[in-house]
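What follows is one structure encoded as structure tokens, with my remarks underneath.
Since every read-out is calculated from the coordinates, none of them should be taken as a lab result. None of the values given here were measured: they were computed from a predicted structure. Cβ: placed from backbone, ideal geometry, glycine included. Neighbour counts: every protein chain shown.
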Ligand code: HEM
């Protein structure tokens, strides 16, 4: 079960990162170019939202079955153990909250330019947080420990 979940979580990371980059770049272009917020923008935001929440669900299960998540007297003193027990989950949940807030709050906005601005700022921040989190993992941002 652990290997299957880790494969899925590892693979889904590319979908999350690609969708985040696509949404951030389009939102910035349309915000600066004062372009309308279209059905395509809404769909891309929805896919990002779905991939991210799927990643959260799988991550939560992994958290309880993974051998790298350990709680003992030495966890906080060991950078590797502390990363998987505390830092990976905390940083990525912050990123997921930002992605969720970007979608929920921008949907309520009437002004298209304000929507693009919100989508850009919150998702760009989330992207930064995920990049920082993955670069701290010792496994790299792009590299997977499985292949
Ligand atoms: C968008 C958010 C997230 C991304 C991009 C992400 C990405 C990753 C990546 C790339 C790995 C390493 C996979 C490998 O070695 O091949 C990993 C491992 C892991 N993730 Fe996440 N993750 C996210 C959110 C979460 C969350 C919210 C949790 C917990 C609730 C979580 C729990 C874990 C655990 C426990 C592992 C280690 C599994 C193991 O090696 O046994 N992840 N994650």
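Below are the figures for this structure:
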| read-out | value |
| --- | --- |
| Rounded, prolate or oblate (a/c below 1.5 giving rounded, otherwise prolate when a/b exceeds b/c) for segment 27-69 by Cα gyration tensor | prolate |
| Separation in nanometres of the label points that stand 7 Å from Cα toward Cβ, at residue 12 and residue 47 | 1.7 nm |
| Mean separation of Cα contacts under 8 Å (6+ apart) over length of the chain, as relative contact order % | 32 percent |
| Per-residue [θ]222 nm for the chain (sum of -39500 (n - 2.57) over DSSP H runs n ≥ 4, rounded to 500) | -25000 deg cm²/dmol |
| Cα-based shape type of segment 7-147, given that a ≥ b ≥ c are square roots of the gyration tensor eigenvalues and the cut on a/c is 1.5 | prolate |
| Percent RCO, i.e. relative contact order, over segment 98-146, from Cα pairs under 8 Å lying at least 6 residues apart | 32 percent |
| Set of segment 108-146 residues, backbone N closer than 17 Å to the point 7 Å along the Cα-Cβ line of residue 68 | 130-146 |
